[in-house]
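Have a look at the structure below, then the notes.
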Amino acid sequence: QAVVAAFLSGGQMDRHLRGLRRRLTVQRGQMAEALADHLPAGTRLSLPPGGMALWLALPPGLSSEWLFGAALERGIRLAPGVMFSNATRFDGFVRINCGHPMDAAQHEAIRTLGRLCE
């Protein structure tokens, strides 16, 4: 408890949060760029001013529930839009987490999502 109290009162937490926000902003930008490069025409991306998730509007006719299942079979996790409503009005949307640093596995997952969306 004393260590945590010293960490919080000594300014280290503020410094940690500033660094974390910078890293998350970079990761979100890298993810958005990779998605724009690999997802098909008709996909729209919302880039929020903060946070660590992106909201994608899928090409017309593509179901987020179908994409969720197909992606999960390939080890890719995303959130289908229907999870965020008690109706199916968000079935054409998915939420993508940007909380992990971009690496080769992330890039391959995005390429796979692009192929699935085609």
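The values are calculated or read from the model by the stated rules, or taken from the named source; none is laboratory data. As the structure is a computational prediction, the values presented were derived from the model and not from experiment. Cβ placement follows ideal geometry from the backbone for every residue including glycine, while neighbour counts extend to all protein chains displayed. In case anyone asks, the SASA skips ligands and DNA or RNA and just uses the protein heavy atoms, side chains included. Shrake-Rupley method; radii C 1.70, N 1.55, O 1.52, S 1.80 Å.
Do we find that VAL94 is touching a strand residue (DSSP E or B) at 6+ places or on another chain (Cβ under 6 Å), of a type in the set (Val, Ile, Thr) and over 30 Å from VAL4 (Cα atoms) in this structure?
Against the criterion (touching a strand residue (DSSP E or B) at 6+ places or on another chain (Cβ under 6 Å), of a type in the set (Val, Ile, Thr) and over 30 Å from VAL4 (Cα atoms)), VAL94 qualifies.
Condition first: under 12 Å from the mean Cα position of the chain (by Cα), open to solvent by 30 Å² or more (accessible area, probe 1.4 Å) and touching a residue at least 60 places away in the same chain (Cβ under 8 Å). Now tell me which residues in the range 26-59 satisfy that.
Answer for the range 26-59, where residues must be under 12 Å from the mean Cα position of the chain (by Cα), open to solvent by 30 Å² or more (accessible area, probe 1.4 Å) and touching a residue at least 60 places away in the same chain (Cβ under 8 Å): just GLN30.
Can you give me the number of residues within the range 60-114 that are surrounded by 16 or more Cβ atoms within 10 Å (Cβ to Cβ) and basic (Lys, Arg)?
Going through the range 60-114 one residue at a time, the tally reaches 1.
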